[in-house]
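Working notes, structure below.
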Amino acid sequence: MRPTIYDLPERAVEETRRILVYHIKERLKQSSKHAGNVRVMISCTESQFFGVFKGYIHDYFPKTGNYKCIFKGINSYSTLSKVLGDDNWGVKYFLQHQKTFVLSYQQPSNPNDPGPLLESNLCQEPDPL
């Protein structure tokens, strides 16, 4: 943790968690034609990011200033539930008892398959537009 990162009060961290959950749910669409990988990116300060994800940050890329957190395996959903402080963080309910939800990526049976986290460039610069 760099010295320029502030230790935010828990109230500010909770507000950041609520914003993250809101944006994740906004990306969940009702129609099955929207199924597939979805990237959720929001702008936040490093202090907000560390407040939410401390202990789960795997990599830091000084050139771009990006951090990477990876949640995978059978406990990934429950781990994110704990991190985000919401057991329903990955579920969006619609009328007529319909819902969409987040599925976590499970390790493939083929060890040569790198998985979506390794084959995509997670640290690319966001589009300014």
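The numbers here are math on the coordinates, done by the rules we state, and not lab data. What you are looking at is a predicted structure, and each value in this text was computed from that prediction instead of being measured. So basically every Cβ, Gly included, is an ideal-geometry build from the backbone, and we count neighbours across all protein chains shown.
Taking the Cβ of Y22 as the centre, find all other residues whose Cβ is under 11 Å away and add up their charges (Lys, Arg: +1; Asp, Glu: -1).
That sum, taken over residues with Cβ under 11 Å, equals +2.
Between beta-carbons, use under 14 Å as the cut-off and find the net charge around I57, counting Lys and Arg +1, Asp and Glu -1.
Taking every Cβ under 14 Å from that of I57, the sum is +1.
Where Lys and Arg each count +1 and Asp and Glu each count -1, what net charge lies around E46 among other residues with Cβ under 14 Å from its Cβ? Show your work: numbers first, answer last.
On the way: positive: R2, K54, K68; negative: D7.
Within the 14 Å Cβ shell, the charges total +2.
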